[in-house]
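First the structure, in the form of structure tokens, and then the observations on it.
The values are calculated or read from the model by the stated rules, or taken from the named source; none is laboratory data. All values reported here derive from a predicted model rather than from experimental measurement. A quick note on method: Cβ atoms are made from the backbone with ideal geometry, for glycine too, and the neighbour counts reach across all protein chains shown.
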Amino acid sequence: MFEDDDLLKIRMGKVKHKIAVISGKGGVGKSVTTANLAAALASHNHKLKVGILDADIHGPSVPKMLGMKGKRVRAGPPGVFPAIGPLGIRVISMDFLLPSDETPVIWRGPLKMSVIRQFLSEIVWGDLDYLLIDLPPGTGDESLSIMQLLPEMDGVVIVTIPSEVSQMVVKKAVTFARQLKIPIIGVIENMSSFTCPRCCFEVEIFRVGGGEKIAEEMSIPFLGKIPLDPRICEDSDNGRLFITEHADSPAAKSFMKIVSNIEANLKKKVS
């Protein structure tokens, strides 16, 4: 009979790269970014085995974005198996365990830490190249639990938007990771400039360059910019992967470039 810690090590020992996706505040498109980064990794050009742990206990949204609403996890002798989404992405989320969309999760910290531990140790993830962990905004219970349970993780990817308000709270997320001695893989600037499809005029709706500024000030890598594209929101609401639906768009190409930068940064740390 395995102890919880032993089982966690066995399950996570089969995952090559474990990356947490975090943000200092909500509304920056972190979950959308996580879903499309997973798709970029699992797409034809990479052919990698990818999983997503939706660690937002109170507001799980990854299943909706992947078109997996209504799916349920499957239990077997080795444990509980994640649901399988598009491109073979393996997903576990609190959303799969709730009876309806209106059901709230009214839990304190210890209960949330317990379920996150179960997601890591009792889910039969199998062999994975990447496990992306989508964390809720801020530096609360869920983020702290993941960092403590997976001290060997490859690092965190921080998502921000160009606004100064977002930049301020991102600095806290950077400091949070550093205090816990978790490597910072880099910063992504989401919702960068918007190009009008009719006149091709570029508009800086949330300003531009905030991600690069943070990266320079905090001495961390800058992974890239994702331009605003209304179809990203539309596809996410309808359970479609933007990166596969609009592979030739500038935003989809940005996702692919960011994935390449993440892989390059991980290789540097290994070497």
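Miscellaneous remarks
- In the set (1) of a type outside the set (A, V, I, L, M, F, W, C); (2) out of contact with any Leu (no Cβ under 9 Å at 6 or more places or on another chain); (3) surrounded by fewer than 20 Cβ atoms within 10 Å (Cβ to Cβ); (4) modelled with pLDDT of 95 or more, the condition left unmet by Pro63 is number (3).
- Residue match in the stretch 44-54 (condition: farther than 17 Å from Ile243 by Cβ, under 13 Å from the mean Cα position of the chain (by Cα) and assigned to a loop (DSSP other than H, G, I, E, B)): no
- Residue selected from the stretch 1-38 under the condition in a helix (DSSP H, G or I) and hydrophobic (A, V, I, L, M, F, W, C), by the criterion modelled with the lowest pLDDT: Leu7
- Some residue of the stretch 217-229 being in contact (Cβ under 8 Å) with a residue 60 or more places away in the chain, buried (at least 22 other Cβ atoms within 10 Å of the Cβ) and within 13 Å of Thr33 (Cβ to Cβ): yes
- Flag if Leu41 is assigned to a loop (DSSP other than H, G, I, E, B) and over 17 Å from Ser93 (Cβ atoms): no
- Matching residues, the stretch 149-184, being assigned to a helix (DSSP H, G or I) and closer than 22 Å to Asp5 by Cβ: Leu149
- Of all residues in the stretch 69-101, those satisfying the criterion of being touching a Phe, Trp or Tyr at 6+ places or on another chain (Cβ under 8 Å) and either farther than 12 Å from Val50 by Cα or of a type outside the set (D, E, K, R) (or both) are Lys71, Arg72, Val73, Arg74, Ala75, Pro82, Ala83, Ile92.
- The single condition among (1) farther than 22 Å from Leu135 by Cβ; (2) at pLDDT 90 or above; (3) not charged (D, E, K, R) that Gly186 does not meet is (1).
Conditions tested, residue by residue: (1) closer than 22 Å to Asp4 by Cα; (2) hydrophobic (A, V, I, L, M, F, W, C); (3) touching a His at 6+ places or on another chain (Cβ under 8 Å).
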{"residue": "Gly51", "(1), (2), (3)": "yes, no, no"}
{"residue": "Pro77", "(1), (2), (3)": "yes, no, no"}
{"residue": "Val80", "(1), (2), (3)": "yes, yes, no"}
{"residue": "Thr103", "(1), (2), (3)": "no, no, no"}
{"residue": "Ser114", "(1), (2), (3)": "yes, no, no"}
{"residue": "Arg117", "(1), (2), (3)": "yes, no, no"}
{"residue": "Val124", "(1), (2), (3)": "yes, yes, no"}
{"residue": "Asp127", "(1), (2), (3)": "yes, no, no"}
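- For the stretch 68-124, a residue qualifies if it is among the small types (Gly, Ala, Ser) and part of a loop (DSSP other than H, G, I, E, B), and the qualifying residues are Gly70, Gly85, Ser100.
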